[in-house]
1. If I ask for residues that are in contact (Cβ under 8 Å) with a residue 60 or more places away in the chain and either in a loop (DSSP other than H, G, I, E, B) or under 22 Å from B:A265 (Cα atoms) (or both), which ones from the stretch B:41-53 would you list?
2. In the stretch A:90-128, which residues are among the aliphatic types (A, V, I, L, M) and surrounded by fewer than 24 Cβ atoms within 10 Å (Cβ to Cβ)?
3. Could you tell me how many of the residues in the stretch A:205-239 are within 18 Å of the chain's Cα centre (by Cα), at pLDDT below 95 and hydrophobic (A, V, I, L, M, F, W, C)?
4. May I ask you to verify whether A:E198 is out of contact with any Leu (no Cβ under 7 Å at 6 or more places or on another chain), more than 25 Å from A:S55 (Cβ to Cβ) and outside any helix (DSSP H, G or I)?
5. Of the numbered conditions (1) over 19 Å from B:V37 (Cα atoms); (2) without any contact (Cβ under 8 Å) to a residue 12 or more places away in the chain, B:P218 satisfies every one except a single condition; which is it?
6. Take the stretch B:110-153 and flag every residue that is surrounded by 14 or more Cβ atoms within 10 Å (Cβ to Cβ), more than 8 Å from chain A (Cβ to nearest Cβ), among the aliphatic types (A, V, I, L, M) and under 23 Å from the mean Cα position of the chain (by Cα).
7. Are any residues in the stretch A:11-60 of a type in the set (D, E, K, R) and at pLDDT below 95, and if so, which ones?
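The values are calculated or read from the model by the stated rules, or taken from the named source; none is laboratory data. The shown structure was predicted, so the numbers you read here are calculated from the model rather than taken from an experiment. Neighbour counts are summed over all protein chains in view; Cβ atoms, including those assigned to glycine, are modelled from backbone coordinates with ideal geometry.
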Amino acid sequence: MSSRNTDVSRAEIMIGAITRMLQGLRHVAVGNSSPIPGSAALLARAISGGSLRVSLLGSRKHNSFTDGGRELFDCAAQGRIDAFFLSGGQIDGAANINLVGLGDYPETKVRFPGSFGSAYLYHLIPRVILFREEHTPRTLVPKVDFISAAGVSPKNEYRPGGPYALVTGLCVFLFDKERRRFRLQSTHPGVKSANVREATGFDYIAPTTVPITEPLKTDELALLRSEVARQVAETYPAFAAKTWGVVNG
Amino acid sequence: MHTGANVIGLEELVARIPDGASLAIPPDYSGCAMEAVKALIRRGCRNLHLIGVPSGGFQADWLIGAGCVTSVEAAAMTLGEFGTPPRFSAAIREGRIAMKDATCPAIHAGLQAAEKGIPFMPLRGILGSDLLKHRPDWKVIDNPYGDGDDAIVLLPAIQPDVALFHARAADREGNVWIGVRRELMLMAHAARTTLVTVERIEDRDFLADDAMAAGTIPALYISAISVVPNGARPVGLAGVYPADAAELSAYAEAAKTAEGFQRWADDVIFAKVSA
């Protein structure tokens, strides 16, 4: 057997960390280009016995929206979605995210795809989980070049939503809304607190003792690698093939 | 069959998109009139303002690469797993096109305002985003129904000159069935002119069948239809044929340079036989 089947991969550690954050919720939506959060949402649903509803954009089987592209956004504004996922070409210590580009806008020297729904959903969905596998000073920066969506707002602004956590290839940060900064919550197996400090371009709160990211239980991991992996393959065939050797079925 | 539908040829269809028009197009996963876009490029269309509903993909990059586009409004420009659209990126870097960066629900809301015939639509969120700094047409007011301290963003109506998309079928009356892809309905409601390519015309009335009617755009909103089997290749049409990954990947690779794009266009769009 390949090591894939015995060792827990970095992607699976991230999926496990995100899955824990979704337990007990009613409805989780997942945007496009989000295979790790998508896998976590489908796993959390399987663990919940189906009480968690998942709306996976880009999927035909795991998406019940029938009112076109706008429905996700209308649904979010009404408070019908508990959690969502955003990433960024850059993410800074105040949880601002940049999905537009590097350098001086509009003539960016590196252009990213664009803000998608972030500028809106970040304000309206209570538990927005940021994810970015690459954890380097290049991606986690002191200040983003362009704010696609702002991490924090003045107290008087209408904002039921906002950042909850940032999950990377090295660790889990939780966002401290009062102090408007991230707090290191756990490091993935084999990663030291000092490794995270070196790899992070922004300042954050670090407790003296930081636990290891809680891994998935054996039966949860088995569920992820079988039933859930096949569901993931419908929307993310390349990811499912690379991570679990599973083809769409 | 008797047909009340306004069915015309593909060249004639794209002739209804004047140079300088604002043109609304769906994202790659919805219903893209790829063959019509090729015909538009062959015609040498110029100065289009593209509106991605809410994002732009292969069609947008083809049009930009072919020099048909002056400006773009979209929440994102992406080729999905094939990366950032290369001709779009080059045009931005060289300052050849103007980009009006948006966010998905802002595009939907602008079209909804047009659909209702009203000048603007309010929307939550967006405050604090740099998008707002670069969109002087987006305004912030105090919620007139609030307690005096509730900022909210207003977005102007987006009424495209033309909406262009591809669908599975039209019926003999010119009603177009789009199923669950209701952003196409929104586009048709909002645009002044709606041009559609379809896989086929069926000799029946979709509106006579409740199950079909719910996913049908009435002919009232449709200006003209062309029958173009496989008209959404290579991005695909959900439930009918999949995306052609090899062809999409070949485009993403070729279009990394202007010369590569030209060779690709000569081959795929102009079907020139190479010497």
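1. B:I41, B:R42, B:V53
2. Listed by number, the residues that qualify are A:A94, A:L102, A:V110.
3. Counting residues in the stretch A:205-239 that are within 18 Å of the chain's Cα centre (by Cα), at pLDDT below 95 and hydrophobic (A, V, I, L, M, F, W, C) gives 1.
4. On the way: out of contact with any Leu (no Cβ under 7 Å at 6 or more places or on another chain): yes; more than 25 Å from A:S55 (Cβ to Cβ): yes; outside any helix (DSSP H, G or I): no.
The answer is no for A:E198.
5. All conditions are met except number (2).
6. Within the stretch B:110-153, B:L111, B:A113, B:A114, B:M121 qualify.
7. Initial filter on the stretch A:11-60 (of a type in the set (D, E, K, R)): A:12, A:20, A:26, A:45, A:53, A:60.
Hit for the stretch A:11-60 is A:R60, nothing else.
Conditions tested, residue by residue: (1) within 30 Å of B:G52 (Cβ to Cβ); (2) in a loop (DSSP other than H, G, I, E, B).
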position	(1), (2)
A:G24	no, yes
A:L42	yes, no
A:V54	yes, no
A:R60	yes, yes
A:T66	yes, yes
A:F73	yes, no
A:R80	yes, yes
